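The values are calculated or read from the model by the stated rules, or taken from the named source; none is laboratory data. Source: prediction; values computed, not measured. For neighbour counting, all protein chains shown are included, and Cβ atoms are generated from backbone atoms with ideal geometry for every residue, glycine included. Remember, those area values only see protein heavy atoms, side chains included, never the ligands or the DNA or RNA. Shrake-Rupley method; radii C 1.70, N 1.55, O 1.52, S 1.80 Å.
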Amino acid sequence: MWNEIKQGIRYSKFYLKEFILFSVILIFIITILVGNSEKILITTLIILFLNFLAIVYLSKKRRNELTEIERIINNIRNNFYEIADEIILSENLSSLEQAIKKMFEKSRDDIEYMRKLQRVRSEFIANVSHELRTPIFAIQGYLETLLNGAISDPKVNVHFLHKAVHHTNNLSNLLNDLINISMIESGEMQMSFRYFELAPYLKSIVEELKYLADEKNISLNCSPIREGVQVFGDKERLRQVLNNLIQNAIKYTEKGGVEISVEEEKKFVTINVKDTGIGIPEDQLNRIFERFYRVDKARSRAVGGTGLGLSIVKHILEAHNIKCEVKSTVGVGSEFSFKLKK
């Protein structure tokens, strides 16, 4: 007990100014009211003693509260708590308790976000390494075979050179997509928003990609669009979105075809890209916009592509403050759609 009293006395020095000021005020008031010098002296001593006891008591109480706060902070630092509700302070510190809980939840969320970023970064590096390795090894293999004598064989030399060029194009496409992703995510990609007429815009995109559908003997059509309909957005970036969606639809459609249609509303226009392809399993619909995610890895590589197309679509549309909606049924087909302001 004596140790506690000593600690209280030692800690009360932090309130010395308040102690002196309060005592002087009381003594001054008593001097005016009493007037008797002998009574003033006795009263002054009593006031000083009572003030001292009050300061020691309050100091002890404050010291206990600070010790309690220090204990909570140390527990947080040592990961003692799993949820914020485990943090409990005394009733007179309830407001501070709520502030510490909010700080704890934010710190926990920040740490989890950093861990998620680290996982994504590690996965991204692994995926990029794998995707780069495939065309580089293929090119290396074809060139080494040619150098080892196949260049003199007219049956294979041109074929191998075409293969090498094909993989070089794949490598170039991958690097371009990686640059686009990097620019979008870092905010370096400049967007140019303006109004443009939709009908000729969509028709030109369909005409540019029709040869891909013709090569697979499937149809690629654009439903009639009312002339004069204008939409607001970045014309070139949206062309990139539509190119990716239409090319994907063609790649995964073996029979039937791909159709682009437009639905008009009062303030918006919905653009749909619908195919009769292999479809996407429902449990994978929420992952198809991830970088390098492939529903069917073997088939995806067989038909080509970098695995970044839908991720680029997602980022560009998010820059327009819109989302890409997906509906799909395995064996029936898929439909990708997004809205643009009129």
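Using 16 Å as the cut-off for backbone N distance, which residues of region 94-126 belong to the label zone defined by a point 7 Å from the Cα of N79 along Cα→Cβ? Counting only backbone N, you get 105, 107-116, 118-119.
Here r is the Cβ-Cβ distance between E91 and A54 and R0 is 22 Å; the resulting FRET efficiency, rounded to 0.05, is 0.55. A cut-off of 5 Å between modelled amide H atoms, ignoring neighbours fewer than 5 places along the same chain, links L220 with V258. Remark on K323: its backbone amide H falls under 5 Å from those of K339, a criterion applied only to residues 5 or more positions apart or on other chains, H modelled at 1.01 Å from N. The portion of the accessible surface of region 147-203 made up by carbon and sulfur, rounded to a whole percent, is 56 (1.4 Å probe; DNA, RNA and ligands excluded). Once both labels are positioned 7 Å from their Cα atoms along Cα-to-Cβ, the gap between M183 and K106 label points is 3.6 nm.
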